[in-house]
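Below: the structure, in structure tokens.
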Amino acid sequence: MTKVEGLLLSTDQSVDGAQTARRKRDHVRINLERDVSSLRGNGLDAWRFVPSALPELDLQAVRVDTALFGRPLAAPLLISSMTGGADDLAPINRRLAEAAQQTGIAMGVGSQRAAVESPALSESFRIRAIAPDVPLMANLGAVQLNYGYGLDQAQSAVDMIEADALILHLNALQEAVQPEGDTRFAGLLRRIEDLARTLPVPIVIKEVGWGISAADATRLRDVGVAAIDVAGAGGTSWSEVEKHRADSEVDHAVASAFRAWGLSTAESLVAVRAVAPDLTLIASGGLRDGIDVATCLALGADVAGLAGPFLRAAATSTDAVVDAIGVLARTLRIAMFAAGIADLTSLRDTPALVRR
């Protein structure tokens, strides 16, 4: 039995939510077994740090600690939303949560729709006891607000993990190429506004790999969302993931056409920060290492998120996730040191970051 098969053993599910749970298993399996990366780069290679041969700074004095939604972070890192909603996916979330707690970074869970529809599936999301001290973010598809979801379902997702914030993810393209996709997006902004005004925790709007434009960020800012995760192109292409779930050659071909779609992470990050300077901003989408993290923070992000590298590590062990986080945090600190930057405040808009 392979490591992936061991994590994805089928289990008995109730009728409600079973289809959603199967889809979540498919998503994890495909991400672990296939190359589903976007053909777009993350755009961060357009920038570089000017090194400081004389940083006038001790490495041990470099500060990378910060806070998110009122909780401290040892480093400005987020385990981005990935999975949950099936009993056999619980080990992945548990390992991710254990690593987040050990290293003091934030974590978002994958879509909780399956567990909202079938509470018996909620166990794979119940990670607050494992990670009592770090920021945790619940997650629902924003489009579900057009399919009967409202404050009660949102609060259920938040309560399920005792979350500090709720992610509403936007995935219009993924839904459009998904065989069972929900594509009624008309009027969604008003429903997001209604929820932002009534839910007692902050709302984070997250793309899933194609970026947020300046125009969309402006509209989201104006309806009261607290944070935006740009989730730009450059990492996992969810149209490519859905390609591997396609039932027909036509569906396969349509999904294939979008592998290079989207705004790069760098493009989206710069655009959103320009129009929403006061929002909490998360940069994700194809980040590869701590230098990419440093670049995103210098371009205006408050926190940087990664998914794929942590998912692959979690398929092995908690220690593998801890090691991956340690490499990122250490690389970030050394990059700052080598550019003569002492803390995250100084990193923001530093003149040491220039276009190539």
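The table below gives the values:
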{"quantity": "Residue within the range 200-219 that is part of a loop (DSSP other than H, G, I, E, B) and of a type in the set (Asp, Glu) present", "calculated": "no"}
{"quantity": "Which listed residue is in contact (Cβ under 8 Å) with a residue 40 or more places away in the chain and closer than 21 Å to Met107 by Cα, from Thr316, Thr350", "calculated": "Thr316"}
{"quantity": "Residue within the range 246-254 that is out of contact with any Cys (no Cβ under 6 Å at 6 or more places or on another chain) and crowded, with 18+ Cβ neighbours inside 10 Å present", "calculated": "no"}
{"quantity": "The range 314-323: number of residues that are surrounded by fewer than 22 Cβ atoms within 10 Å (Cβ to Cβ) and either closer than 28 Å to Ala352 by Cβ or hydrophobic (A, V, I, L, M, F, W, C) (or both)", "calculated": "3"}
{"quantity": "Subset of the range 298-310 (residues that are buried (at least 22 other Cβ atoms within 10 Å of the Cβ) and assigned to a helix (DSSP H, G or I))", "calculated": "Ala298, Phe310"}
{"quantity": "Scope the range 220-237; condition in a helix (DSSP H, G or I) and either surrounded by fewer than 24 Cβ atoms within 10 Å (Cβ to Cβ) or small (Gly, Ala, Ser) (or both); matching residues", "calculated": "Arg221, Asp222"}
{"quantity": "Filter result (assigned to a loop (DSSP other than H, G, I, E, B) and charged (D, E, K, R)) within the range 135-164", "calculated": "Glu162, Asp164"}
{"quantity": "Check on Arg40, under 17 Å from Asp292 (Cα atoms), modelled with pLDDT of 70 or more, crowded, with 19+ Cβ neighbours inside 10 Å and of a type in the set (D, E, K, R)", "calculated": "yes"}
{"quantity": "Any hit, the range 1-18, residues being within 22 Å of the chain's Cα centre (by Cα), assigned to a loop (DSSP other than H, G, I, E, B) and at pLDDT 95 or above", "calculated": "no"}
{"quantity": "Residues of the range 243-265 classified as part of a loop (DSSP other than H, G, I, E, B), among the small types (Gly, Ala, Ser) and in contact with a helix residue (DSSP H, G or I) (Cβ under 6 Å, 6 or more places away or on another chain), total", "calculated": "1"}
{"quantity": "Filter pass, Ser111 being crowded, with 16+ Cβ neighbours inside 10 Å, of a type outside the set (Val, Ile, Thr) and not in a loop (DSSP other than H, G, I, E, B)", "calculated": "no"}
{"quantity": "Filter result for the condition that a residue is under 18 Å from Asn171 (Cβ atoms) and not charged (D, E, K, R), over Ala226, Ala274, Ala260, Ala253", "calculated": "Ala260"}
{"quantity": "The range 121-130, subset touching a residue at least 12 places away in the same chain (Cβ under 8 Å) and surrounded by fewer than 24 Cβ atoms within 10 Å (Cβ to Cβ), residue farthest from Gln102 (Cα to Cα)", "calculated": "Ser122"}
{"quantity": "All positions within the range 327-345 that are buried (at least 16 other Cβ atoms within 10 Å of the Cβ) and not in a loop (DSSP other than H, G, I, E, B)", "calculated": "Leu328, Ala329, Thr331, Leu332, Arg333, Ala335, Met336, Phe337, Ala338, Leu344"}
{"quantity": "Test: Ile167 is in contact with a Ser or Thr (Cβ under 7 Å, 6 or more places away or on another chain), crowded, with 24+ Cβ neighbours inside 10 Å and not in a loop (DSSP other than H, G, I, E, B)", "calculated": "yes"}
{"quantity": "Thr295 being hydroxyl-bearing (Ser, Thr, Tyr), assigned to a helix (DSSP H, G or I) and out of contact with any strand residue (DSSP E or B) (no Cβ under 6 Å at 6 or more places or on another chain)", "calculated": "no"}
{"quantity": "Residues (out of contact with any strand residue (DSSP E or B) (no Cβ under 6 Å at 6 or more places or on another chain) and at pLDDT 95 or above) located in the range 301-312", "calculated": "Leu306"}
{"quantity": "Enumeration of residues in the range 44-94 that are closer than 23 Å to Ile334 by Cβ, among the β-branched types (Val, Ile, Thr), out of contact with any Lys or Arg (no Cβ under 6 Å at 6 or more places or on another chain) and surrounded by 13 or more Cβ atoms within 10 Å (Cβ to Cβ)", "calculated": "Thr66, Ile79"}
{"quantity": "Candidate set: the range 256-294, residues that are among the β-branched types (Val, Ile, Thr) and in contact (Cβ under 8 Å) with a residue 60 or more places away in the chain; chosen: the one surrounded by the fewest Cβ atoms within 10 Å (Cβ to Cβ)", "calculated": "Val275"}
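The values are calculated or read from the model by the stated rules, or taken from the named source; none is laboratory data. Keep in mind that what you see is a predicted model, and the values were worked out from it rather than measured. Every residue, glycine among them, receives a Cβ derived from its backbone with ideal geometry; neighbour counts consider all protein chains shown.
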